[in-house]
Amino acid sequence: MEWTRLRVLALEPGETYGFACGDAEWIVLPLSGGCRVRCRGTAPAAEPQVFELRGRSGVFAGPTDFAYVPRDARAEITSERGGRFALAGARCERRLPPRYGPAGDVPVELRGAGQCSRQVNNFAAAGPTGFECDRLIAVEVLTPGGNWSSYPPHKHDEHHPGEESRLEEIYWFEIAPHGDTPGLGYQRVTPSPAGKTDILTEVRTGDAVLIPDGWHGPSMAAPGHDMYYLNVMAGPGGGGPREWLIRDHPDHGWIRGSWEGQDVDPRLPFPRAGAEDHR
């Protein structure tokens, strides 16, 4: 991928992972567990900035806090109790300051209706009120079992000012099990006028689907298995602010009109009523 970056870490208790940011900006996002993020800039004598991330028990337990580390810095992630952490990144030009993102500031959106209902945790969404990044756009999507999300199929692989932004995208999945039965789902990507990506694949926890171009969707959650995916997007932009502008597939965009008058799936939002939250 030219613009997007993703690493997923599984740290043992007390383990530290260090990395150079290089030409990319990064967000450290706890998937399960908490961690300490130490960020050192390009000046060797400067004191490092340290962010304590409380994290969460798992991806279905609600939004989490996170840390932003800029390009040209060096970061270390230490987890005293262990856990799993996503590093969502994007190649960029500007060097913004390191920052902490509180969980309570993450906008939570319920999108769609009926069997197209899903939840979007817009922790680093584009827009003037979102968390500031140079190129990176990242959100979490949670879909109840049996529902379709990322639907209608849409694309953002061409730059048309005010209509569509050119963005690569990575989907990283975690699927809830049912008892001892591992979860599964499916992801579809079809060719667009600007690209040839053509995928229909089964996805399980830990799988990633790379989407440099094409109409993407639906993301199908098998009945009984709630689906989570982390979306990481970035692109060259058009000289202005970063934007998420999409075009719906002309054969399926009508489905949006059918949501009017339908209720959002009562299983949303996550965490569900009565569920224990260990954040």
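Data table
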item	result
Farthest toward positive dipole pole in the chain [+1 Lys/Arg, -1 Asp/Glu at C-beta], among S192, A208, G55	G55
Average Cα contact separation per residue, the stretch 96-147, under 8 Å, 6 or more apart, as relative contact order %	32 percent
Average Cα contact separation per residue, the chain, under 8 Å, 6 or more apart, as relative contact order %	21 percent
Kirkwood Rh and Cα Rg combined as Rg/Rh, the stretch 1-132	0.98
Under 13 Å from the D251 label point (7 Å along Cα→beta-carbon), backbone N, the stretch 202-231	215-218
Average accessible area per residue (Å²) across the chain - probe 1.4 Å, nucleic acids and ligands excluded	45 Å²
Alpha-carbon centroid distance for the pair the stretch 202-258 / the stretch 139-190, whole angstrom	4 Å
MRE, 222 nm, helices only [DSSP H, n ≥ 4, -39500 (n - 2.57), over the chain, to nearest 500]	0 deg cm²/dmol
Heavy-atom accessible surface of the stretch 31-79: percent carbon and sulfur, 1.4 Å	46 percent
Carbon plus sulfur fraction of accessible area for the stretch 101-244, probe 1.4 Å, in percent	53 percent
Separation of the R111 and H160 label points, Cα + 7 Å toward Cβ, nm	1.9 nm
Relative contact order computed over the stretch 107-198 (Cα-Cα under 8 Å; 6+ residues apart), in percent	17 percent
Option label - Rg/Rh (Cα atoms, Kirkwood Rh) computed here, alternatives (1) 1.01; (2) 0.96; (3) 1.23	(2)
Electrostatic dipole magnitude of the chain [Cβ: Lys, Arg +1; Asp, Glu -1; Cα centre; debye, to 20]	460 debye
Using a Förster distance of 25 Å, the FRET efficiency for R36-I199 (Cβ separation, nearest 0.05)	0.10
Most fluctuating residue given options A75, A88, A46, as computed from a GNM of the chain linking Cα atoms under 10 Å	A46
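The values are calculated or read from the model by the stated rules, or taken from the named source; none is laboratory data. This is a predicted model, so every value here is computed, not measured. Here the Cβ is made from the backbone with ideal geometry for all residues, glycine too, and neighbour counts use every protein chain on show. SASA here: full protein model, heavy atoms, side chains in, ligands and nucleic acids out. Shrake-Rupley method; radii C 1.70, N 1.55, O 1.52, S 1.80 Å.
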